[in-house]
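The values are calculated or read from the model by the stated rules, or taken from the named source; none is laboratory data. These figures come from a predicted structure and were not determined experimentally. Virtual Cβ from ideal backbone geometry, glycine too; neighbours counted across all protein chains shown.
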Amino acid sequence: MIPATHKELEEIRTQCRSMVKTRAFASGSTSLIPIPGTDVVADVGILMQLLPAINEKFGLAKEDVEGMDAESKAAFYGLVLSMGSAVIGRLVTREVVIKLLQKVGVRMAAKQATRFVPFAGQALSAVLSFSAMRYIGNKHVEDCYQVALKLLEERRAKAHELPKDSEILSRITESVAIDSKAHSENEAADTTPKE
């Protein structure tokens, strides 16, 4: 469920940024292993766990989106499409994660190239891995934050929205019909003979 207040939303944002930092350190650490390819496999695994966890924290997991009413769902998909996100509210697959990693492909290619330089290359590879993972994770956190914030604001605006004229008119008509029915029942009760 999407957070109910701005304060909750900010707390979740902070928690997710901390989670991203921890996972980015793990990604950097795996880059220190001198076996080519192990870091990419680790990065894919880390992102396949991290991105859905962030979605869930913000109340934007696939299950949460499926539980939204039609109006909220339409607003949600409009926001996600405008941001160009492939992972908010969706199932995060290996293919999606690989596409995300390709978006930061320059860093990833440089990381792979530096691995062949002993010691200094591995350290540089770790730094590049950390920064790429942090970039992807924090970008996703900010995208989720913006979507959740807009949905929260729309929910609040809807709660304070005045009813439409047609709704007011139908309420008045129902009220008058109920009052006139009660009035006619009272008159009928008054005209019945008393013993």
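Below is a table of values for the structure above.
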{"quantity": "Residue in segment 108-135 that is modelled with the highest pLDDT, counting only those that are under 12 Å from Gly28 (Cβ atoms) and not small (Gly, Ala, Ser)", "calculated": "Arg134"}
{"quantity": "Some residue of segment 141-152 being under 30 Å from Thr38 (Cα atoms) and either in contact with a Ser or Thr (Cβ under 8 Å, 6 or more places away or on another chain) or modelled with pLDDT under 80 (or both)", "calculated": "yes"}
{"quantity": "Residue satisfying condition, being part of a loop (DSSP other than H, G, I, E, B) and in contact with a Lys or Arg (Cβ under 9 Å, 6 or more places away or on another chain), within set Pro36, Pro52", "calculated": "Pro36"}
{"quantity": "Test: residue in segment 51-67 that is surrounded by 15 or more Cβ atoms within 10 Å (Cβ to Cβ), under 26 Å from Val104 (Cβ atoms), in contact with a Ser or Thr (Cβ under 7 Å, 6 or more places away or on another chain) and assigned by TED's automatic domain parsing to the domain that holds Leu124", "calculated": "no"}
{"quantity": "Some residue of segment 63-79 being modelled with pLDDT under 90 and touching a Gly at 6+ places or on another chain (Cβ under 6 Å)", "calculated": "yes"}
{"quantity": "Tabulated pairs, segment 75-94, first closer than 21 Å to Met48 by Cα, second modelled with pLDDT of 85 or more and assigned to a loop (DSSP other than H, G, I, E, B), C-beta under 8 angstrom, 6+ apart or interchain", "calculated": "Val80/Ile88; Ile88/Leu60; Gly89/Leu60; Gly89/Ala61"}
{"quantity": "Positions within segment 12-29 being basic (Lys, Arg) and under 15 Å from the mean Cα position of the chain (by Cα), in sequence order", "calculated": "Arg13, Arg17"}
{"quantity": "Extreme residue, modelled with the lowest pLDDT, among residues of segment 80-90 that are assigned to a helix (DSSP H, G or I) and of a type outside the set (S, T, N, Q)", "calculated": "Met83"}
{"quantity": "Residue satisfying condition, being outside any helix (DSSP H, G or I), closer than 30 Å to Asp69 by Cβ, at pLDDT below 75 and of a type outside the set (Phe, Trp, Tyr), within set Glu174, Glu161", "calculated": "Glu161"}
{"quantity": "Matching option when the condition is surrounded by fewer than 18 Cβ atoms within 10 Å (Cβ to Cβ) and in a helix (DSSP H, G or I), among Gly45, Gly28", "calculated": "Gly45"}
{"quantity": "Single residue of segment 1-25 satisfying the filter (among the hydrophobic types (A, V, I, L, M, F, W, C), surrounded by fewer than 17 Cβ atoms within 10 Å (Cβ to Cβ) and out of contact with any Leu (no Cβ under 8 Å at 6 or more places or on another chain)) that is nearest to Val104 (Cα to Cα)", "calculated": "Phe25"}
{"quantity": "Test: residue in segment 21-34 that is without any contact (Cβ under 8 Å) to a residue 40 or more places away in the chain and of a type outside the set (A, V, I, L, M, F, W, C)", "calculated": "yes"}
{"quantity": "Positions within segment 121-144 being small (Gly, Ala, Ser) and surrounded by fewer than 17 Cβ atoms within 10 Å (Cβ to Cβ), in sequence order", "calculated": "Gly121, Ala123, Ser131"}
